[in-house]
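Before any comments, here is the structure.
Read-outs: derived from the displayed coordinates by stated rules, not from any lab. Because the structure is predicted, anything quoted here is derived from the model rather than measured. As a convention, Cβ positions derive from the backbone with ideal geometry for all residues, glycine included, and neighbour counts pool all protein chains shown.
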2 protein chains.
Amino acid sequence: MNGAGALVRSLLASGVEVCFANPGTSEMHFVAALDAVPEMRAVLTLFEGVATGAADGYARMADRPAATLLHLGPGLGNGLANLHNARRAHTPVVNVIGDHATSHTKYDAPLESDIAAVAGSVSGWQRRSTSTAEVGADAAAAVAAARDGRIATLVLPADVSWDDGGEPVAAPPPAARASATPEAIRDAADALTSGEPCVLLVGGDATRAGGLAAAGRIASATGAKLLAETFPARIERGAGVVAVERLAYLTDMAVHQLAGTRHIVLAGARSPVAFFAYPGKPSDLVPEGGHVHTLAPQDGAAAEALEELADLVAPGIAPDLAPLARPAMPTGPLDVQSVSAVIGALLPEGAIVVDESVTSGFALPAATAGAPRHDWLTLTGGAIGFGLPAATGAAVACPDRPVWCLEADGSAMYTISALWTHAREGLDVTTIVFNNSAYAILRLELQQVGAAGFVVGDGARARSLLDLSRPDLDFVAIATGMGVPAVRVTTAEEMAAALRRAAAENGPHLVEAIIPPLVP
Amino acid sequence: MNGAGALVRSLLASGVEVCFANPGTSEMHFVAALDAVPEMRAVLTLFEGVATGAADGYARMADRPAATLLHLGPGLGNGLANLHNARRAHTPVVNVIGDHATSHTKYDAPLESDIAAVAGSVSGWQRRSTSTAEVGADAAAAVAAARDGRIATLVLPADVSWDDGGEPVAAPPPAARASATPEAIRDAADALTSGEPCVLLVGGDATRAGGLAAAGRIASATGAKLLAETFPARIERGAGVVAVERLAYLTDMAVHQLAGTRHIVLAGARSPVAFFAYPGKPSDLVPEGGHVHTLAPQDGAAAEALEELADLVAPGIAPDLAPLARPAMPTGPLDVQSVSAVIGALLPEGAIVVDESVTSGFALPAATAGAPRHDWLTLTGGAIGFGLPAATGAAVACPDRPVWCLEADGSAMYTISALWTHAREGLDVTTIVFNNSAYAILRLELQQVGAAGFVVGDGARARSLLDLSRPDLDFVAIATGMGVPAVRVTTAEEMAAALRRAAAENGPHLVEAIIPPLVP
């Protein structure tokens, strides 16, 4: 068996059943091997950033890694931004990067570049396969490393792929995550029962329903304020789940949420820091005199720790669960409020929401808090272009669940070709593009960082760099060009009708919602 | 003056007059500074790969660097593939990468990543500005470094940008490139006049008309075979210029071109190596027993060296110049031959051709060799997604020249949002998309690397990864959605009419040419 065959069979034997692929010449034997192993689902994307974002979305929902297939250093570069987001989400991903044959490297051919340096910036584990006999073991080691919530990158030289003598190897079963120590549980319990103002900040696996139920019991019993990290990888929400407010993105709002707190107990979340620095505003969001207690680290068994803690401080207490409470269906022209109300009124049971709505999603948390139970995936690393690819992967992972991809116009354009993969794979993804013809977030940030004072006159030249009009993007045309049925809506009634039609028909759809920007 | 203001003014004082920008929060002061300095043209792109590819195309035509404005590590990642191409082209580029404020770095906020490691993979020079007082000097040093044909990367922390105390600094005038040594010229002359079979391989600045004229004189006088490197950054061609065949991309064809050669004289080109390794085929293309003589290195003053050499070995000899000789206008359904003939028949005087046509451009060299004089830019680093961005930059550099962007369908989708920038800036770019519904090059490579033997039955699963149908891409719809007027053509007559209409009207156009793939 050649190296490529051993690699594909090793991935499969280790529980990796999907490969999001952008192959090139150096990956042709891998492609041929995929052909011979039909149990491995190969999904073609038209850009590596779609492949890596899809692997992120897949693993967030499947709780196990997918593979990517990337073409040398430039292919990795194209996929880097969404690998950055995956790294911040602690998502398991296995990258297979085809490279020149070992004997070819010294010639510095045009596609040669320093793959290891670039991969190192996002990978928790990386290795270059140096022999066909070892490639099976290398693949198994990559899967084992990824399962710890890391990006694992395996560089596969073309000759290692095409030479004979490979053997499939399966990764050992995953180990359980380390439990919280009794000391950490005791320390958190002491803080929460001290009578001083406390925040219980949840992230990681504590934003699933089980962890939230335990956190909710603790909050009810101790009076602690329950908050989730600003950008959770995956949070369960809606009717029957404990509702939790997220720590705000804007520094001023986050400072307000945490004001007066004496103890912050971290369960799967990091100690809170500002997303960006702003002149005269804090980077460290822990209030002065506040103490931070780590019950479980970001990649720890946070839900389990919360359950132990709840049994200690909240015995017999039941959590408050969110009731089913949809907003009334609005009418008339769409705006940032009504566009969210339509979504809250119609979000289907069991939906997976991929949220890259940026400023246009301002009203979404409140509008959807009482929708039927659903999962919500967020932009963990701030690198835009995440939504459409992640929706791809989520839909591959959960073919029986509707995926709603909520996309800002500017962000959508980064990885727009994901729509083609939605069409090719027949994925049940409904994309809602919030078209406000602006990078509205940057209009806000121009003010926030104090840069607005430096523009001249009306600042027309600066504003033009934050503006997406001239020409307006027509997402209906763009989606149609990639095989996704699409419709433009300007009123709540039209949007509701479009979403109902999309829900009635399996497969991808796009709804372009024209709305005014949050920041004019 | 704040740091951003000093930086923009330093770039301008150093001859950098265009900035291709994808700003984010950390770049807001830079955006405000651009507003106050109208002499600096800021061009918004919707994806960093468009910005970096545009900077490459700009500098290839303007012979001086443009700046890019990128947002932290993920923005650099998105721009990496086209920086890789620029590095291989020895294009001068100045990257400005906004980063978190210095005081914010230690908090490892979500957008934090190892910018230096990633930038190092493409940059010949890089620096992080550490003080506002020095940022002007840093910018001048970056421009000076870039002028040597390198990627220069300057990381700009937000506080260095917003603090006061900056001073503009101008880079010193560029130094002349090192001349060839008398020994190198003598050695080349000896080889060329030895009577043994010689190849004169030109690249770098020797593929402009002046260098080619000197090379043509040498070839005429000595009988040496004149070849250009496989993927020149910029080559002048057409009527009145010395015609030169390029070294082939496919190893077998290149081996054939070089067979029997005893001496290869390099003028601005590298010693020839195969693009990829293939089982049983050579990586080093120098024939056995062949000698390589370096007249001028890739980034050297190769044209000047050729002129000196020509005066030595070809005094009084005039070069053979290509006559004006367009192909006859074909008729009927388009195929890989006729699509090129239409282009050869209509290519306007002074055109800039950006060529990312891959297999569909197979017949272009012959069909355009006798067109009116034009420049031809190629994919130097093999990282697809180059064409539409490079055309953007070339059109900004040369607003009075028509730009024809020849794009393969698969490659076009990598950086398709460049079309929006064509529309916003009103660039005179005519994009011809060769839509053959396939990654046809990979069908060829699947055979070349010997992987085809590993597929099962008809190889349908492998073929589906090399196939762009199901659904077919509709480039007319996609272009229309980004504000570029577009038309689909299936016959030579329709294509000619569409190109004539595009030529009659300034501004961007797209012509989608439906053709059968070179490799079925």
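Quick one: work out the % antiparallel among DSSP beta bridges in region A:182-313, nearest 5. Can you show the working numbers first?
Details: 1 of 17 bridges.
Of all bridge pairs located within region A:182-313, approximately 5 percent are antiparallel.
How do B:ILE185, A:ILE343 rank when sorted from fewest to most other Cβ atoms within 10 Å of their own Cβ?
Details: B:ILE185 20, A:ILE343 27.
Lowest to highest Cβ neighbour count: B:ILE185, A:ILE343.
In the P(r) worked out for region A:3-162, what percent of Cα pairs fall beyond 23 Å?
Roughly 25 percent, rounded to a whole number.
Can I get the semi-axes of region B:336-514's equivalent ellipsoid? Compute them from the C-alpha gyration tensor as square roots of 5 times the eigenvalues, in angstrom, largest first.
Listed largest to smallest, the semi-axes of region B:336-514 are 28, 17, 15 Å.
Checking the a/c ratio against 1.5 first, then a/b against b/c, what shape does the Cα gyration tensor give for region B:260-378?
oblate
Counting only DSSP beta bridges with both residues in chain B, what percent are antiparallel, rounded to the nearest 5?
Antiparallel: roughly 10 percent of the beta bridges in chain B.
Could you give me D for chain B, from Stokes-Einstein at 25 °C and 0.890 mPa s, where the hydrodynamic radius is the Kirkwood radius over C-alpha pairs? Units µm² s⁻¹, please.
102
Which of rounded, prolate, oblate describes region A:90-215, given a ≥ b ≥ c as roots of the alpha-carbon gyration tensor eigenvalues and a/c under 1.5 marking rounded, otherwise prolate only if a/b is larger than b/c?
Prolate.
Report, in whole Å, the centroid distance computed from the Cα atoms of region B:362-417 and region B:257-326.
Region B:362-417 and region B:257-326 have Cα centres separated by 24 Å.
Tell me, B:GLU307, A:GLU512 in order of fewest to most beta-carbon neighbours within 10 Å?
Exposure proxy ranking, most exposed first: B:GLU307, A:GLU512.
What is the extension gain from A:GLU505 to A:ASP320, computed as 0.36 nm multiplied by their sequence separation minus the C-alpha to C-alpha distance, in nm to one decimal? Mind showing how you got there, number by number?
Values: separation 185, 0.36 × 185 = 66.60 nm, distance 3.55 nm.
Contour length minus Cα-Cα distance gives 63.0 nm.
Viscosity 1.306 mPa s, temperature 10 °C: what is the translational diffusion coefficient of region A:409-453 from Stokes-Einstein with a Kirkwood Rh over Cα pairs, rounded to a whole number of µm²/s? All intermediate terms of the calculation are to be shown ahead of the outcome.
Values: Rh = 12.8 Å.
Answer, rounded: 124 µm²/s.
Ignoring solvent entirely, what values of log10 I(q)/I(0) come out of the Debye formula for region B:409-520 at 0.11, 0.15, 0.18, 0.21 Å⁻¹ when each Cα is a single scatterer?
These q points yield log10 I(q)/I(0) values of -0.43, -0.70, -0.89, -1.08.
For the protein assembly as shown, taking Cα atoms only, what is the radius of gyration to one decimal and the Dmax to the nearest whole Å?
29.1, 103
Using just the helices of the protein assembly as shown, give the 222 nm mean residue ellipticity in deg cm²/dmol: DSSP H runs with n ≥ 4 each add -39,500 (n - 2.57), and the total is spread over all residues, rounded to 500.
-10500 deg cm²/dmol
For region B:141-300, place one equal point scatterer on every Cα, skip the solvent, and apply the Debye formula. What is log10 of I(q)/I(0) at q = 0.10, 0.15, 0.17 Å⁻¹?
Calculated log10 I(q)/I(0) at the listed q: -0.47, -0.84, -1.01.
Could you give the radius of gyration (one decimal) and Dmax (whole number) of the Cα atoms in region B:37-82, in Å?
10.8, 30
Need one number for region B:193-232: average projected area of the convex hull over its C-alpha atoms, nm².
2.7
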